[in-house]
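Okay, structure first, notes after.
The values are calculated or read from the model by the stated rules, or taken from the named source; none is laboratory data. Just so it is clear, the model here is predicted, and its values are computed rather than measured. With ideal geometry, Cβ positions are generated from the backbone for all residues, glycine too; neighbour counts draw on all protein chains shown. For accessibility, only protein heavy atoms count, side chains too; no ligands or nucleic acids. Shrake-Rupley method; radii C 1.70, N 1.55, O 1.52, S 1.80 Å.
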Amino acid sequence: DAGVIQSPRHEVTEMGQEVTLRCKPISGHNSLFWYRQTMMRGLELLIYFNNNVPIDDSGMPEDRFSAKMPNASFSTLKIQPSEPRDSAVYFCASSLPAGGEPNTGELFFGEGSRLTVL
Amino acid sequence: GNSVTQMEGPVTLSEEAFLTINCTYTATGYPSLFWYVQYPGEGLQLLLKATKADDKGSNKGFEATYRKETTSFHLEKGSVQVSDSAVYFCALAPYSSASKIIFGSGTRLSIRP
C-alpha cells in the first residue's frame, strides 16, 4: 500500500515566486495535516483538515500561506509570494478517522518537500 | 493547556549503551502518548504508543511506560545500535481534540560505533 506521497521532494526558488506543494494522503484516511520543520522552531503544525474541511489553521504563518483540499485524495499548500524565511522542510501527514473511539493518534508522514527560497 | 517537554539533545552514546530519553507531558483528561522517530532525510514514523495509564509501548527493542502519576513517558532501550541514530519525538493526542497531536521539540541521538 502506498504511503503519503508528496511532491516535489526538493524545490529551489527565488524570493517573490509562488510555490505549490502537493500531497496525496493514504487512501481511506480522512484527516490531513501540514507541518513545517526548521532547525530553529522544530516541527510546527500549520493546518489540518477533517473530511476535506479545514479545522484549524491557526498555525499558518500569515496570509502568504494558503492550503486547500479539493477532494479526499489531494491537498496543496501554497506560498505566494515566497520569502527566504519560508525555507524549511514541509511535511504532509494523514491519519485514520477517530470515529467514536479515542483517537490513537497515529500519523503517517510523507517524506517531505525541502523548500529553499533564495 | 496540553504540552510535551522532552530532554534536549544532542545525545551521544557508544554502541550497546543504555538509552533513556525523558519526556513529560501536561494534559487534561486522558491523552494517548507516542514516540515518533525521524531518520535522516525521512519523515517521522511511529515508533511506539500507549493509550492508557500503565500501558507499556514497545517496538524494535525500545520501550516506554505511560506513567500518569508522574505524567511521564520516558523512552528506553537496553543496548543501542548505530542504526538507532535519529531524532526522537515524544507526542500526545488529547482525548478532547483527537486530531490535534502535539509534538515535543525532538531529541537528536547519535550512536558511536
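For segment A:8-94, which strands (runs of 3 or more DSSP E) that fit wholly inside it have 3 or more residues that are closer than 18 Å to A:LEU115 by Cα?
Working: elements: A:10-13, A:19-24, A:31-38, A:42-50, A:53-56, A:65-71, A:74-79.
Correct list: A:10-13, A:19-24, A:31-38, A:42-50, A:65-71, A:74-79.
From B:ALA93, B:ALA86, B:ALA17, grab the single residue that is of a type in the set (Gly, Ala, Ser), farther than 19 Å from A:ARG41 by Cα and more than 9 Å from chain A (Cβ to nearest Cβ). Break it down into steps so the answer makes sense when it comes.
Working: B:ALA93 fails: more than 9 Å from chain A (Cβ to nearest Cβ); B:ALA86 fails: farther than 19 Å from A:ARG41 by Cα.
Unique residue meeting the criteria: B:ALA17.
Might you check whether a residue that is of a type outside the set (Gly, Ala, Ser), open to solvent by 20 Å² or more (accessible area, probe 1.4 Å), in contact (Cβ under 8 Å) with a residue 60 or more places away in the chain and within 14 Å of chain A (Cβ to nearest Cβ) occurs anywhere in segment B:73-83?
Within segment B:73-83 (the criterion being of a type outside the set (Gly, Ala, Ser), open to solvent by 20 Å² or more (accessible area, probe 1.4 Å), in contact (Cβ under 8 Å) with a residue 60 or more places away in the chain and within 14 Å of chain A (Cβ to nearest Cβ)), the answer is no, since none of the residues qualifies.
Is it the case that some residue within segment B:21-32 is under 10 Å from the mean Cα position of the chain (by Cα) and open to solvent by 50 Å² or more (accessible area, probe 1.4 Å)? Quick ask: steps written out before the conclusion?
Step one: filter segment B:21-32 for residues under 10 Å from the mean Cα position of the chain (by Cα), giving B:21-24.
The next check asks that each one be open to solvent by 50 Å² or more (accessible area, probe 1.4 Å); those that pass are B:22, B:24.
Yes, the conditions are met somewhere in segment B:21-32.
Restricting to segment B:23-45, name every residue that is within 7 Å of another protein chain (Cβ to nearest Cβ), part of a strand (DSSP E or B) and either closer than 23 Å to A:LEU115 by Cα or of a type outside the set (Phe, Trp, Tyr) (or both). Walk me through it before giving the result.
So the first thing to find is which residues in segment B:23-45 are within 7 Å of another protein chain (Cβ to nearest Cβ), and the list is B:32, B:34, B:42-45.
Going one step further and asking which of them are part of a strand (DSSP E or B), we end up with B:32, B:34, B:44-45.
The answer is B:SER32, B:LEU44, B:GLN45.
Pairs only if they're at least six apart or on different chains, beta carbon under 6 angstrom, first in segment A:1-25 and open to solvent by 40 Å² or more (accessible area, probe 1.4 Å), second of a type in the set (S, T, N, Q); list them, first residue then second.
Qualifying pairs under 6 Å: A:VAL12/A:THR116; A:GLN17/A:SER82; A:GLU18/A:GLN80; A:ARG22/A:SER7; A:ARG22/A:THR76; A:LYS24/A:SER73.
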